[in-house]
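The values are calculated or read from the model by the stated rules, or taken from the named source; none is laboratory data. On a predicted model such as this, the values are computed, not experimentally measured, just so you know. Neighbour counts are summed over all protein chains in view; Cβ atoms, including those assigned to glycine, are modelled from backbone coordinates with ideal geometry. The area values use the complete protein model at the heavy-atom level, side chains included, leaving out ligands, DNA and RNA. Shrake-Rupley method; radii C 1.70, N 1.55, O 1.52, S 1.80 Å.
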Amino acid sequence: MGFRFQRRITLAPGIRLNLSKRGLGLSVGPRGASLSVGPSGVHGHAGIPGTGLAYRQKLNTRSRRGDDRSVAAGGRSRPAAALDTLLADVESFPVQLEIEAEGSIQYFHGDGMPMSDDEARVLRRLARESLREQLELHCERLNANLDRLGQLHEETPHPGKNGYITQDFTETPPPSPQQQQSAWWHFLLPPAKRRLEDENRRRQAAFDEAYRDWEWRKAEHDAAEFARQHREAEKVWHDPDAMEQTLRERLEEIDWPRETAIDFDLGSDVSTIAMDIDLPGEEEMPDRYWTLPAKQEKLTPRKLSDTRQRKLYRDHVHGIAFRVLGAVFARLPAVQEARISGYRQVTDPATGGERDQYLFSVKITRTQWGKIHFDKLDQVDPVAAMEAFTLRRDMTKTGIFRDIEPFMLV
C-alpha cells in the first residue's frame, strides 16, 4: 500500500516474462532470434540453422484460425514446385509460422501470404530437422522460464558481497580517417589537387569532432562509475539518498519476471528498512508446459495441476521477497533489520471493488539473514526460509493464502 511509505521503486521486467491479468506473456530468444508468447499470441523472429531460413512465429487463439483460413482461401499462393525450386537455389528464404493455441502450425511466406498445403509439405520436407530444432528450443525456453518463476531466490547474493566494481567504457573510439593520396596528375590539375586536399581536411575535421565526442562520453562514463563506486563504498553507510539510489539501481539490475512496484521507507537512523511488494495474482501465473511430439511439427500444451500451480505461485511470491532481502542486506551495509510485506489485489466480495490482500509479513535481522548458506541456495526452500524469521502468514498446506495484518511502520 503506497500511502504507508515515502518512496517507490517500479521495476521493469528483465527476463522478459510478463505476468498480467490476461495471462502469461513471455519473450525469449538468443542473439539473432526472438520469440514472444502471450495471451494474445506468440510472435517471434529466428534464423533456422543449417537452412538459411528465417521465420516469424505467432501463437494466436483459436478464434483467429478461421480468419487466417479465409485469408488463405482468398489470397494468392505460389505453386509448390516454384517453392521447391526456390529453396534449392537460394541461401535464405523468409518464412512465417503461426502456431495455434492448441499447438498446430500454419505456414506463411515472408510477405504474409499463406502457403498452400502443398507448399507447406515442401517446406517440412526440406527443413523438417531445422524446424523441429527451433521448436524444441522454444519449448525448452518456455518451460525453463516457467520453472525460473519458482527459483528466483537462487540468484540472491551473499550479504557480504557489497561495494561496486567499476565497469570499463566499452565503446570503441572512431577509426582514423583514410587520407587520399595525391596522384602524379594532380600536379598538372591544381583544382583537382585542391578538391582532394579539401576532402582530406573534411575527413580529418569529422574525425576530430567524433573523437572529441567519444572522449566526452568516456569521461562521463568514468566519472559516473567512480561516483557510484564511492557512493556504494562510503555514502551507503550514512546517507539516506545514497542508500535509496543504490537500492534502486541494484533492484533494477535484477532480471525481474514482471513489472513490480516496491514501496519502502528507511528508518530515522538508517539501520532499519520497511518494504511493501506488489505481488502478482495467482490467476496471472502460467498454467502449462509445452512439448514437441516425436513425429509431429506441432507443440503440445500440458496443463499444470492445481497443486503444481499453487506450489509455483507460493515459491514465486516468497522468492521475490527473498531476492529483495538479498539486495537490501548485500547493498545497504548499515541496515540491520528489514521488514518485508507482500500483497496482491483481490476483489472485495462486499463491494465488488479491488483491495489489497497481504499474504505475508516478515521481520529479519542481518544476523538471522547471515545464517543462510548462500552457496547452497538451490537446496533452500524460500517458503520454509521465511518461517525461520518473525513471520505473519496464514497459508494452508496446499498454498491457499488468507488475509493477515502486516507489521506496521514504527
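Some points to look at:
- Of the peptides 215-222, 178-185, 389-396, the ranking by mean beta-carbon count within 10 Å, highest at the top, reads 389-396, 215-222, 178-185.
- Accessible area in square angstrom per residue, the stretch 301-341, 1.4 angstrom probe: 30
- Global size of the stretch 263-319 as Cα Rg and Dmax, reported in angstrom: 19.3, 65
- Sulfur and carbon atoms: percent of accessible area, the stretch 294-410 [1.4 Å]: 48
- Alpha carbon centroid spacing (whole Å) that separates the stretch 309-376 from the stretch 269-291: 8
- Per DSSP, loop chymotrypsin sites (Phe, Trp or Tyr not before Pro) in the stretch 294-361 with at most 10 further Cβ within 10 Å: none
- Available extension along the chain between Asp255 and Asp306 is 15.7 nm, counting 0.36 nm per residue and deducting the alpha carbon span.
- For the stretch 271-410, Kirkwood radius (reciprocal of mean inverse C-alpha pair distance, Å): 16.9
- Within the straight-line cut-off of under 19 Å between alpha carbons, the lysines reachable from Lys298 are Lys58, sequence neighbours fewer than 8 places apart in one chain being disregarded.
- Maximal additional length on extending the Glu354-Gln181 stretch stands at 54.8 nm, based on 0.36 nm per residue less the C-alpha distance.
- The protection proxy used here, the mean number of other Cβ atoms lying within 10 Å of each residue, ranks peptides 367-373, 302-308 as follows, highest first: 367-373, 302-308.
- Largest-first ordering by accessible area, 1.4 Å probe, given options Leu312, Leu137: Leu137, Leu312
- Cα gyration tensor shape for the stretch 120-233, rounded if a/c is under 1.5, else prolate or oblate: oblate
- Within the stretch 277-311: backbone nitrogen closer than 20 Å to the Arg402 label point (7 Å, Cα to C-beta): 282, 310-311
- For the stretch 188-308, the relative contact order comes to 10 percent (Cα pairs under 8 Å, sequence separation of at least 6).
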